[in-house]
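These notes are about the structure you will find just below.
The values are calculated or read from the model by the stated rules, or taken from the named source; none is laboratory data. The structure presented is a predicted model; accordingly, all values stated were derived computationally and were not measured. Cβ coordinates were reconstructed from backbone atoms using ideal geometry, including for glycine residues, and neighbour counts include every protein chain displayed. We work out accessible area using only protein heavy atoms, side chains counted, and drop any ligands, DNA or RNA first. Shrake-Rupley method; radii C 1.70, N 1.55, O 1.52, S 1.80 Å.
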Amino acid sequence: MSQTLTATDNKDRMSHSRPDELQPSEDFVQYLKDYARAKPDVAALWCFGVGFVIGWKLKPW
């Protein structure tokens, strides 16, 4: 299975100090951004659902 890298992926990977250094948090955030661009309706529903559960558990009123 091969992966294709876009121009921004290449630029992001080259901007790190060492190419072999792993950046799991940055990779995860980039994955979430790419997923939200590809499926904005699903991402919006997830955000709404998570916000609803957090708001329900905190009960600020």
Of the residues in region 37-61, those that are modelled with pLDDT under 95, open to solvent by 100 Å² or more (accessible area, probe 1.4 Å) and part of a helix (DSSP H, G or I) number 4
Fill in: Residue match in region 17-36 (condition: within 15 Å of the chain's Cα centre (by Cα), at pLDDT below 65 and either surrounded by 10 or more Cβ atoms within 10 Å (Cβ to Cβ) or part of a helix (DSSP H, G or I) (or both))
no
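Would you check if residue 4 is loosely packed, with under 10 Cβ neighbours inside 10 Å, at pLDDT below 90 and of a type in the set (Val, Ile, Thr)?
Yes.
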